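The structure appears below as structure tokens.
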Amino acid sequence: QVPLVESGGGLVQAGGSLKLSCTASTRTLSTYAMGWFRQVPGKDRAFVAAINRSGGSTNYAGSVKGRFTISINNAENTVDLQMNNLKPEDTAVYYCAASARGRSYYTEGYDYWGQGTQVTVSS
């Protein structure tokens, strides 16, 4: 298995923005359905956003709809998560995931995962 690699996490003030990116060295990510999940200590990994193969359609958790955008950058071979109007409750470790089977709201629907990147939103 080749790992996915996330980048772009960090510390930001409430109301600010971050862009997370996910890539893999030996796979073209546009051929996979891709998802972003997040996890805080003591809780299950939770769905954030997903995009289908070729990037034609997207889905979002209700808590981030209207604030986050998932997209594919073919030139960079990345799947990005643009996060705007961040809130303290968005603080979590964010993971990207790839599926050869299609989009899913559940972790079980994904085949490959990154190691995660920390996003901390301060008030």
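Residue by residue, here is whether (1) of a type in the set (Gly, Ala, Ser); (2) touching a Gly at 6+ places or on another chain (Cβ under 7 Å); (3) farther than 15 Å from Gly55 by Cα holds:
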position: Asn73; (1), (2), (3): no, no, no
position: Asp80; (1), (2), (3): no, no, no
position: Ala92; (1), (2), (3): yes, no, yes
position: Gly109; (1), (2), (3): yes, no, yes
position: Gly114; (1), (2), (3): yes, no, yes
position: Val119; (1), (2), (3): no, yes, yes
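All conditions but one from (1) out of contact with any helix residue (DSSP H, G or I) (no Cβ under 6 Å at 6 or more places or on another chain); (2) open to solvent by less than 20 Å² (accessible area, probe 1.4 Å); (3) of a type outside the set (Val, Ile, Thr) apply to Ser99; the one that does not is (1). Pairs meeting the criteria (first residue in the range 112-123 and touching a residue at least 12 places away in the same chain (Cβ under 8 Å) and closer than 16 Å to Val79 by Cβ, second residue in a strand (DSSP E or B) and open to solvent by 40 Å² or more (accessible area, probe 1.4 Å), beta carbons under 7 Å, at least 6 apart or on different chains) are Gly114/Val5; Thr117/Ser7. For Gln118, the conditions (1) under 19 Å from Pro3 (Cα atoms); (2) open to solvent by less than 60 Å² (accessible area, probe 1.4 Å); (3) of a type outside the set (D, E, K, R); (4) modelled with pLDDT of 95 or more are fulfilled apart from (2). Criterion first (more than 21 Å from Thr120 (Cβ to Cβ) and surrounded by 22 or more Cβ atoms within 10 Å (Cβ to Cβ)) does Tyr94 satisfy it? Considered against the rule, which asks whether it is more than 21 Å from Thr120 (Cβ to Cβ) and surrounded by 22 or more Cβ atoms within 10 Å (Cβ to Cβ), Tyr94 comes out as no.
The residues of the range 53-98 that are at pLDDT 95 or above and charged (D, E, K, R), listed by number, are Lys65, Arg67, Asp80, Lys87, Glu89, Asp90. Counting the residues of the range 74-89 that are open to solvent by less than 70 Å² (accessible area, probe 1.4 Å) and over 18 Å from Gly114 (Cβ atoms) gives 3.
The values are calculated or read from the model by the stated rules, or taken from the named source; none is laboratory data. Worth saying up front: this structure is predicted, and the values here are computed from it rather than measured. Cβ sites come from the backbone with ideal geometry, for glycine too, and all protein chains shown count toward neighbours. When the accessible area is computed, the model is the full protein with side chains, heavy atoms only, and any ligands, DNA or RNA have been set aside. Shrake-Rupley method; radii C 1.70, N 1.55, O 1.52, S 1.80 Å.
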